[in-house]
Every structure is written in C-alpha cells, then in structure tokens.
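Worksheet for the structure shown next.
Read the figures in this text as sums done on the coordinates, not as results from a lab. Predicted model only: the values in this text are computed from it and were never measured. Virtual Cβ from ideal backbone geometry, glycine too; neighbours counted across all protein chains shown.
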Amino acid sequence: MTRLTRPSPQAPRSAAPTRRPDLAAAIVCALLVTAAAGCSSDAPGVDAGHDAGAPETRWQGLSDKGSYGVKVRTTPTPPPAATLFTLEAEIFAPDLSTPATVTQVAVDAWMPQHKHGMEGFTPQTTLSKDTVGGVTTQGMFFTMPGQWELRIDIKQGAHGADRVVLPVYVDP
Ligand SMILES: [Cu+2]
C-alpha cells in the first residue's frame, strides 16, 4: 500500500469525487480489502468451524424414519458449482429390493454451514409415469462450492411420509 498522505494524481474511478487524497486512498484500501475477503470466502467467520467435518458425498441412503431407501444420480455428475443440473432419484423399500410407489415428492438442496438453499432457483420435480418410484428434478443449482445436502422429501408414498438427506460435496 502506498503512503496514504501522498496526493494521488490519478483518482481511482471507484473513489468518490473528493479533493481529499488521504480519504480517497483510504476508500481504495477498504475496497481492496473487501474484494480480497470476498475472493476467499463469502463468510469466513461462519466457516471457522468447518474443519470439524470432512467433505462427504453419498448417492444413496436410508430415509430418516427408515421407511425408504433412495438412490440418486445427477447430470452432469458430479454436479459442479453454479451450474444447472438434473437430479434423478429412485425410491425403494428400505433394503433397496423393491421400488416404492410415491405420489408426492419435493426435492431441495441446503448448505448447512451457511444456512442457505439454492437462493432464487425453484427446481421442478416430476414423478415418472413409467418407472415406479422414479423422480426427476430439473433446475437444480448449487450456488457455491462446499458441503451441501440433497433433501428428498417424500410427502406421500407407499410407506408413508419420510425424508432422505444425502450429503454432496461440491468442489471449488
Ligand atoms: Cu454457502
């Protein structure tokens, strides 16, 4: 950083139209600091405890109450950050042996460390007409890299209502 007291001959375009060069330099400095912080993380304070958990991805799992087993895949796979992707889920009996009929399913994604979801994206989930337990969700979007959760909420189905949460780590 240059000396703050030296008058700056060329005023930075982002600085306010001021005749006080020390103030202008201070503003530029603040902008640079802000930009640098934004490059490393959107919320460094919130991320402080993130090291506790290792990145995790699972493409299948059991629902919270044990009523269903679910397999998912994405296109493209693995899903990159800031890219629209499609999720296909297959919903089974808990042991994955038999497809389970479902009649109402909602799919969402959540970033637990930051407590936000897909921020303005509203994916559309449709039930397969041909495949029992088949669900397709279009318009999924991980807004940033990091540890996410896929949340498949079975609101109505052969084994009642239940929810599957699968961790997905999105590479930077
Ligand atoms: Cu986040």
Describe numerically, in nm with one decimal, the distance between label points set 7 Å from Cα along Cα→Cβ at THR75 and at HIS116. 2.9 nm
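State the extension gain, in nm to one decimal, for the chain segment bounded by THR126 and GLU88, taking 0.36 nm per residue of separation less the distance between their alpha-carbons. Mind showing how you got there, number by number?
Values: separation 38, 0.36 × 38 = 13.68 nm, distance 0.98 nm.
In short, 12.7 nm is gained.
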How do GLU119, GLU149, GLU90 line up, fewest other C-beta atoms within 10 Å first? GLU119, GLU149, GLU90
Would any residue of the range 96-114 have its amide N under 12 Å from a label point 7 Å out along Cα→Cβ of LEU62? List them or say none. 96
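Placing unit charges on C-beta atoms (Lys and Arg positive, Asp and Glu negative, everything else neutral), compute the dipole magnitude of the range 46-172 about its Cα centre in debye, rounded to 20.
Numbers: 9 positive and 14 negative charges, 60 e Å.
Computed charge dipole of the range 46-172: roughly 280 debye.
What percent do you get for the relative contact order of the range 60-170 when only Cα pairs under 8 Å and 6+ apart count?
Relative contact order of the range 60-170: 31 percent.
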